[in-house]
Amino acid sequence: MEELAIETSQLTKKFGDFTAVNALDLKVRKGEVYGLLGPNGAGKTTVIKVLCGLLKMNGGSAKMLGTPAPSKSIAGRIGYMPQETALYVGLTVRQNLEFFGSIFGLGKAKVEARISELLKVIDLEVWAKTLVNNLSGGMKHRVSLACALMSEPEILFLDEPTVGVDPELRASFWQYFQNLRSQGITILITTHYMDEARHCDRIGFMRNGKLIAEGSPTHLLESTRTTSLEDAFLEVVKEVGP
Amino acid sequence: MNFRRVLAVTKRVFLDLKNDKRTLALLTLAPIFSMTLFGLAFSGEVKDVQVIVVNLDEGATIPLIGDVVFANAVVHNLDTEVLAITTSANLSVSITELENGNAWAVIYFPENYTSEAILAALPLINTTSYLDIYIDTSNINVAESITREVNEAIISAAEENGQQMPVTVRATPIYGSNVEFMDFFVPGIMCFVVYFLTTLLTLITFVGERVSGTLHRVLATPLTEAEIVAGYAITFSVVGTLQATILLSYGILAFDVDIAGEIWLAFLVIVVLAIVSQALGILGSALAKREAQAVQLVPFIVMPGFLLSGVFWPLEAIPVWLRPASLFVPPTYAIDACRSVMLRGWGLDMVWHDVVALLIFAAVFLALASWSLRRRQ
Ligand SMILES: Nc1ncnc2c1ncn2[C@@H]1O[C@H](COP(=O)(O)OP(=O)(O)OP(=O)(O)O)[C@@H](O)[C@H]1O
Ligand SMILES: [Mg+2]
């Protein structure tokens, strides 16, 4: 049996009467890049927040790394890049990275090593001493990604990590994600860029809080007899009905 | 609780303050600004109050002593720093002036002021001498000052004339023989400023953390709610101590404030107050969805601290039914303790109940603050 990094069963999240995540069964294997795709309001962010313990689930259960989730005991092994650029804008790039390193309990030397490596990845070495407030939107997004990577997590939640990032850097991000995967890191990523979803090992189409189709990009294209994931999604929607 | 993570939060909050020049200025200059302003405005005395004296006293002749005009002696004894006196011989014109708002009071001595006073002093004759004060009581402070000044002048004048007052009140100061308004004021304003700025700053910072998503972000890491609260508490107790130091130094340099007791005790109180205040700010942040909403909470922070803590008005001036409310306002205890230490020179043996009350507030508010962060939608 393959080991699962993330496993939810009948996971449900309601906001009042509104069901944002509806009895979701999601299985993400270890070392896999899993893409959650779906329209605005599909519930992608909500799934991630529930798994990170930021929202209470109303039903079902979840497991991560073999432990019932959410749990503080595994928080140190998980990286989370929120959809909004959640950074301390009054701190410099470096100070942000140092802070996230230290709350994960990394030692000084480790923090330094991680910072110099990640600054290269996000290509912001010369901006290290700049206040985050003075960066462009895309740059902030890159810093946010680096903060999520500081602790070398085993599972990485990336909520739209490439929004507002220029095409060149986006390509290099995906390169880096592949890199992380080859180190055995599990990545759950959401995106609206259908073209870049091709890079995922598996994709889950999500709508109205439910998975409506799942599979590798090639599988999804073949089964819907389409040539782009965008068309594949529309095709699936047609099949499933409103 | 992991202390290294707590310190990481502490350091981060410090950096945030340090990098933000405006907040830094707020934290250091606001105490000085408020102390200067309050110190000058509330110097405790009413000055230069316009009054009109209508002195028609014709005096009298006392055998062996000669002519006396008691009214002159009274007028002579009026404190001209407090009262700006103009004289007039016409009562009705003066009253018109008063009604037109050109004076606060008309002090009127009738023709028989002295003669009646002399008669009143004689045994067996039952009469009283009157002077009239027509007074604009639309400002109660001014009105009270005028009445007090006139009464004091009458007593002084009588003593000058060798009249015996039936009773003399002797006040013997037990604490603070030379207490001036600022001595009384500085401990209060120290507590108030630390309370207000700390609460306000944590409130705004924390609403910011909620809005920007950083709070959620760090809560997804091993950092716990209690560690966040503790990290903030350390930062703000240091900041509170710095503010108290600034205020105290400034009070000593600019206003010549005396300190009777052991100052470390006052600082201890301020530190605990700062911890209570930052927890209050965190708690309050749960009620605001945006920064702008945080501003709406400000009156609820300022007003109780201002009116119910005894910083300006003694608690005795609050209606009896309302007084218990002051027990729920943390600055009340801090102000009481700091005044007792700085003015009366009391030690921990005397102010311990204030310190204990503050510690209880701290424990309860810290617990509530981390509980409020632990709640999930
Ligand atoms: N705190 C909240 N209170 C009430 N409703 C919420 C809350 N958060 C999310 N929702 C609702 O839950 C639904 C799913 O939201 P979610 O943010 O998970 O969507 P998403 O798939 O991430 O969308 P997007 O692609 O726009 O990021 C939406 O309809 C949203 O309005
Ligand atoms: Mg989303």
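The values are calculated or read from the model by the stated rules, or taken from the named source; none is laboratory data. Please read all numbers here as calculations on a predicted model, not as lab measurements. Every residue, glycine as well, gets a Cβ built from its backbone with ideal geometry; the counts of neighbours run over all protein chains shown. In case anyone asks, the SASA skips ligands and DNA or RNA and just uses the protein heavy atoms, side chains included. Shrake-Rupley method; radii C 1.70, N 1.55, O 1.52, S 1.80 Å.
In table form, for the structure just shown:
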item: Simple spin-label estimate for B:ASN151 and B:GLU111 in nanometres, 7 Å along Cα-Cβ; result: 3.1 nm
item: Lys/Arg +1, Asp/Glu -1 at C-beta; the protein assembly as shown dipole; positive extreme among B:GLN243, B:PHE184, A:VAL165; result: A:VAL165
item: Stokes-Einstein D for region A:157-242, Kirkwood Rh over Cα pairs, 4 °C, 1.567 mPa s (µm²/s); result: 94 µm²/s
item: Virtual spin-label span in nm between B:ALA121 and A:GLN183, 7 Å along Cα→Cβ; result: 10.2 nm
item: Average partner coverage of B:204-213, which counts Cβ from other chains inside 10 Å; result: 2
item: Net charge dipole size for region B:162-286 [Lys, Arg +1 and Asp, Glu -1 on Cβ; Debye, nearest 20]; result: 260 debye
item: Nearest-20 debye value, chain A charge dipole, Cβ charges on Lys, Arg, Asp, Glu; result: 740 debye
item: Helical contribution to [θ] at 222 nm, DSSP H n ≥ 4, -39,500 (n - 2.57), averaged over chain A, rounded to 500; result: -10500 deg cm²/dmol
item: Where trypsin sites (Lys or Arg not before Pro) fall in DSSP loop in region A:164-242, at most 12 other Cβ within 10 Å; result: A:ARG225
item: Chain B - Rg and Dmax from Cα coordinates, angstrom; result: 28.4, 98
item: Percent of Cα-Cα distances greater than 35 Å, calculated over the protein assembly as shown; result: 58 percent
item: Inter-label distance, nm, simple model (7 Å from Cα along the C-beta direction), B:TRP371/A:ASP25; result: 4.0 nm
item: Cα long-axis angle, helix B:330-344 against chain B (0 to 90 degrees, to the nearest 10); result: 60 degrees
item: Sequence-distant aspartates and glutamates (8 or more away, or on other chains) whose Cα lies within less than 15 Å of A:LYS27; result: A:GLU2, A:GLU3, A:GLU7, A:ASP201, A:GLU214
item: For A:80-90, mean number of other protein chain Cβ atoms within 10 Å; result: 6
item: Å² of accessible area per residue within region B:213-317, as computed with a 1.4 Å probe and no ligands counted; result: 39 Å²
item: Fully extended contour minus Cα-Cα distance, from A:TYR193 to A:SER73, at 0.36 nm per residue; result: 39.8 nm
item: Binned Cα-Cα distance frequencies in region B:159-292 - 5 Å width, integer %; result: 2, 9, 15, 15, 12, 10, 8, 7, 6, 4, 3, 2, 2, 2, 1, 1, 0
item: Accessible surface of the protein assembly as shown [probe 1.4 Å, protein heavy atoms]: carbon and sulfur percent; result: 58 percent
item: Principal-axis tilt of helix B:291-307 within chain B, Cα atoms, nearest 10 degrees; result: 40 degrees
item: With Cα atoms, 0 to 90° folded angle of helix A:137-149 axis to chain A main axis; result: 90 degrees
item: GNM flexibility winner over chain A from A:ILE103, A:ILE185, A:ILE122 (Cα, springs under 10 Å); result: A:ILE103
item: Protection proxy ranking of A:138-144, B:361-367 - average other beta-carbon atoms within 10 Å, highest first; result: A:138-144, B:361-367
item: Area hidden from solvent between A and B (accessible, protein heavy atoms only, 1.4 Å, total, Å²); result: 2500 Å²
item: Probe 1.4 Å, protein heavy atoms only - accessible area per residue of region A:1-132 in square angstrom; result: 41 Å²
item: Value of [θ]222 nm, deg cm²/dmol, for chain B, DSSP H segments ≥ 4, -39500 (n - 2.57) each, nearest 500; result: -21500 deg cm²/dmol
item: Listed residue (B:ILE140, B:LEU283, B:ALA117) projecting farthest to the positive dipole end of chain B, Cβ model; result: B:LEU283
item: Cα centroid separation, region B:267-289 to region A:81-143 (Å); result: 29 Å
item: Probe 1.4 Å, protein heavy atoms only - accessible area per residue of region B:33-129 in square angstrom; result: 57 Å²
item: Residue (of A:GLY43, A:TYR88, A:ALA69) at the positive-pole extreme of region A:25-110, dipole from beta-carbon charges; result: A:ALA69
item: Model label zone, B:THR128; criterion: amide N under 15 Å from point 7 Å along Cα-to-beta-carbon; scope region B:51-75; result: none
item: Environment charge of B:ILE204, counting only residues whose C-beta is closer than 13 Å and scoring Lys/Arg +1, Asp/Glu -1; result: -1
item: Chain B, dipole about Cα centre (Lys/Arg Cβ +1, Asp/Glu Cβ -1), debye to the nearest 20; result: 3540 debye
item: Charge sum, other residues only, whose C-beta stays under 10 Å from B:ALA8's C-beta, Lys/Arg counted +1 and Asp/Glu -1; result: +2
item: Number of partner chain Cβ atoms within 10 Å, mean per residue of A:53-60; result: 2
item: Relative contact order of chain B, defined on C-alpha pairs under 8 angstrom at six or more residues apart (%); result: 19 percent
item: Long pairs among A:LYS108/B:LYS18; A:LYS30/A:LYS110; A:LYS56/A:LYS238; A:LYS110/B:LYS11, criterion Cα-Cα beyond 30 Å; result: A:LYS56/A:LYS238
item: Alpha-carbon spread of chain A, three principal axes, descending order, Å; result: 52, 38, 38
item: Cα centroid separation, region B:188-238 to region B:52-101 (Å); result: 62 Å
